[in-house]
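The structure appears below as structure tokens.
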Amino acid sequence: MKTILVTLCFIAAAFFLSGCPATEKVRKEAPSPPPSANKPAEPGIVIRFASLNLAKYTKRIEKTDLHQFSDVLKKEKIDVLAVQGISRYPGVTSRIDLVDELSFDAEMRNVFGETIDLSGRQNGNAIFSAYPIRSSENSHYDGIRSSNFESALQAVIDCGARDVVFVSTLLPEKASTEDVATCVNRLSEFPVYYINNPVIIGGNLPQSDVLRTIARFDATRPVKEDDGPRVWFANDGSLKLLGQSVAHTQFGPLMIAEFGVFKKTQP
């Protein structure tokens, strides 16, 4: 199992031929294009997406923490939030449920993707949305050397202008180059699987641009390692990155990316 489709090294050089210039001058002026043709297309909607990694947060989370965090989400006008490294304690009345409590406080819908259950403690990733969630899927990374069963949670969200696929994922810490390539290769399948739907990913994605570029993802501008999760997106022309920022919270840095989402063109 040494070759993992790390044959992501296929970027072939493309050359474009330009046409020859016209040899005759045309006296008649071409009609002016209609005014709308001169204007760039406007996004159908603007979505503010955020991502937070809780994998290294070791303190006990209380209701007051989530109240404060939901205030940050409202202040930053976050529409969709991806959270990685969540721990839940079903049946333990002395522990609050982060997913349900935050969903209630922030007035957002949620989906949760479990990675592993250890003696009643569930670990996993979640996606919260102010928009309706059409469906969700949790895909584990097969063939990697890890006992934590890391996965990529996908949610198809109805954003009004069109459906957008949001992904919340936590890659293994200190993973080998081979394992990281396996995870990135799995992520690269989503734009094909969810064809004609934009894909936006939040998580502890690789800092190196090599694998991301080969997998044909765009990304927010580089930030410092401690500036929180990174955001990748499959840009087939249906998305435009309008801006990005980092908000500092009691849980750590919150990566925020604002996207213009274009309406699906009629065939």
### Message
Condition (residue is among the charged types (D, E, K, R), out of contact with any Phe, Trp or Tyr (no Cβ under 7 Å at 6 or more places or on another chain) and outside any strand (DSSP E or B)) applied to segment 82-89: is it met by at least one residue?
### Response
no
### Task
Could you list all residues from segment 128-146 that are of a type in the set (Val, Ile, Thr) and within 19 Å of Arg186 (Cα to Cα)?
Ile144
### Selected residue [at pLDDT 95 or above and either among the acidic types (Asp, Glu) or more than 22 Å from Ala175 (Cβ to Cβ) (or both)] from Tyr131, Tyr89
Tyr131
## Note on the structure
For segment 223-267, the count of residues that are basic (Lys, Arg), at pLDDT below 90 and touching a strand residue (DSSP E or B) at 6+ places or on another chain (Cβ under 7 Å) equals 0
## Note on the structure
Listed by range, helices (runs of 4 or more DSSP H) wholly within segment 161-257 having at least 3 residues that are surrounded by fewer than 21 Cβ atoms within 10 Å (Cβ to Cβ), hydrophobic (A, V, I, L, M, F, W, C) and touching a residue at least 40 places away in the same chain (Cβ under 8 Å) are none
### Query
Here are some residues: Ile116, Ile127. Which one is crowded, with 18+ Cβ neighbours inside 10 Å, in a strand (DSSP E or B) and in contact with a Ser or Thr (Cβ under 9 Å, 6 or more places away or on another chain)?
Ile127
### Task
Assess whether Ile133 counts as being surrounded by fewer than 22 Cβ atoms within 10 Å (Cβ to Cβ) and either among the aromatic types (Phe, Trp, Tyr) or farther than 26 Å from Val99 by Cα (or both).
no
### Task
Considering (1) of a type in the set (Phe, Trp, Tyr); (2) touching a Phe, Trp or Tyr at 6+ places or on another chain (Cβ under 6 Å); (3) assigned to a helix (DSSP H, G or I), say which one Phe69 fails and leave the rest.
(2)
### Residue list for segment 194-222, filter: β-branched (Val, Ile, Thr) and modelled with pLDDT under 95
Ile195, Val210, Thr213, Ile214, Thr220
### Message
For segment 80-97, which positions are surrounded by 21 or more Cβ atoms within 10 Å (Cβ to Cβ) and either of a type in the set (A, V, I, L, M) or more than 18 Å from Tyr57 (Cβ to Cβ) (or both)?
### Response
Val80, Leu81, Ala82, Val83, Ile86
### Query
In the list Ser146, Ser139, which residue meets the criterion of being in a strand (DSSP E or B), surrounded by fewer than 20 Cβ atoms within 10 Å (Cβ to Cβ) and among the small types (Gly, Ala, Ser)?
Ser139
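The values are calculated or read from the model by the stated rules, or taken from the named source; none is laboratory data. Note that this is a predicted model, so its numbers are computed, not measured. Backbone-built Cβ (ideal geometry, glycine too); neighbour counts: all protein chains shown.
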